[in-house]
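> Provided herewith is a single structure, encoded as structure tokens, for subsequent inquiry.
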Amino acid sequence: MVRSGKKARRLVVGSEAFLWSLGHEHRIEQGRYRNCREVLTVRRLGARGRLLIVFREGPGRLVPDGHVHSGAVGTAEGGWLNLHEPGTVRALLAEATTSGWQPDDPANAQADGWLFFDTVAARRSISPPA
């Protein structure tokens, strides 16, 4: 598995501070990228547990694969999110906590980002990239 990512960034939500980073993972088979996915990692500052919000490629689900820019996830219907935008990260974090993720949980948790996609895209009113 090939991984790429950047240094953690800080996000303040109310009185709480979180750290987040975005990475891309894929396999290289016969010179082609396979199983591409974007992984957004979020944790509350000082907490041990992390939440990994994963967007896997699949039918009608688009992730960076050389055709769209880093951090872009979208659907064949035209909805898009930019996972590099703090507002998008904040909206995904809100959906994850509403769905039961506890920032104080010392264990790592993983969530399917596509379960939050429609709600976050509607909240963010994001149009397809030009």
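> Within the stretch 35-43, can one find any residue that is modelled with pLDDT under 90, surrounded by fewer than 17 Cβ atoms within 10 Å (Cβ to Cβ) and not in a loop (DSSP other than H, G, I, E, B)?
Yes.
> Would you point out which residue out of Ala111, Ala107, Ala121, Ala91 is modelled with pLDDT of 90 or more, over 16 Å from Leu22 (Cα atoms) and surrounded by 15 or more Cβ atoms within 10 Å (Cβ to Cβ)?
Working: Ala111 fails: over 16 Å from Leu22 (Cα atoms); Ala107 fails: surrounded by 15 or more Cβ atoms within 10 Å (Cβ to Cβ); Ala91 fails: over 16 Å from Leu22 (Cα atoms).
After applying the criteria, what remains is Ala121.
> Which one of Gly74, Gly78 is in a loop (DSSP other than H, G, I, E, B) and over 15 Å from Glu25 (Cβ atoms)?
Working: Gly74 fails: in a loop (DSSP other than H, G, I, E, B).
After applying the criteria, what remains is Gly78.
The values are calculated or read from the model by the stated rules, or taken from the named source; none is laboratory data. It should be emphasised that the depicted structure is a prediction, and the values quoted were computed from it without experimental measurement. Every residue, glycine as well, gets a Cβ built from its backbone with ideal geometry; the counts of neighbours run over all protein chains shown.
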